[in-house]
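One structure is given below, encoded as structure tokens.
None of the figures in this text is laboratory data; all of them are computed from the coordinates on show. The shown structure was predicted, so the numbers you read here are calculated from the model rather than taken from an experiment. We place every Cβ from the backbone using ideal geometry, glycine too, and count neighbours over all the protein chains shown.
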Amino acid sequence: MVVNQKQPFVVGLGGTLRVGSSTEHALRLCLSAVERHGGRTALFCGADIDLPMYNPHDQFRTDKAAALVTALRAADAVVVASPGYHGAISGLVKNALDYVEDLRGDPRAYLENTPWGCIGCAYGWQAAVGTLGQLRSIGHALRAWPTPLGVAINSTSAVFNDDGSLIDETVGAQLDLLAAQLIGGPGWVT
Ligand SMILES: Cc1cc2nc3c(=O)[nH]c(=O)nc-3n(C[C@H](O)[C@H](O)[C@H](O)COP(=O)(O)O)c2cc1C
């Protein structure tokens, strides 16, 4: 049995600006599962990631942008949840991820060797799975390691209650396994 020397710190980033976002519900549930598995978490969703367009030539960072970069720098694992907008990751989430560029010169460049979980949410499998694939590609570009399991959610079916609690237990089980894989638990074996 592997014993963690410390509680892994998992950063969750994503959701939409819509109140009651299903993407945010999924992200919150995944982070709750991380905590059940013994990890610590920080959530950046909604207004937290409503950041100025990333400008590589402007060193100024708003407080919200600085908080995100600080958390990502400290992260032992990252989980990203995006809606499928027009078949792709949303601009909101992509812009927030562009701030990872601030980690380029760190001793751990970008998110090198960092577990990277992905959740894609859309009104159909095509956009949900396509978005999931794009998130995994972004993780590769950032030198992170996408977890074996990614979670695609078709939000046309009854997945969440309005309060974010779960209806679809299969989705819940997937989010739980994703959480286990993020912190290197027994879920690595799929
Ligand atoms: C601007 C916009 C574009 C969208 N494009 C698609 C799409 O191409 N395919 C699809 O299946 N769903 C699409 N959707 C639906 C979202 O993917 C869906 O609402 C998803 O559950 C995420 O939204 P939520 O987190 O706000 O609930 C779109 C929604 C918006 C607002």
Report, in deg cm²/dmol and to the nearest 500, the calculated mean residue ellipticity at 222 nm for the chain, where each DSSP H run with n ≥ 4 adds -39500 (n - 2.57) and the sum is divided by the residue count.
-> -11000 deg cm²/dmol
Sorted on mean Cβ neighbours within 10 Å (highest first), peptides 111-122, 7-18, 65-76, 142-153 come out as 111-122, 7-18, 142-153, 65-76
Average projection area in nm² (convex hull over Cα atoms of the chain, one quarter of hull surface) | 10.5
Over the chain, what is the relative contact order in whole percent, taking alpha-carbon pairs under 8 Å and six or more residues apart?
-> 24
In the range 53-90, what chymotrypsin sites (Phe, Trp or Tyr not before Pro) fall in a loop by DSSP, with at most 15 other Cβ atoms inside 10 Å?
-> Phe60
Dividing the alpha-carbon radius of gyration of the range 10-120 by 2.2 N^0.38 Å (N being the number of residues), what value is obtained?
-> 1.02
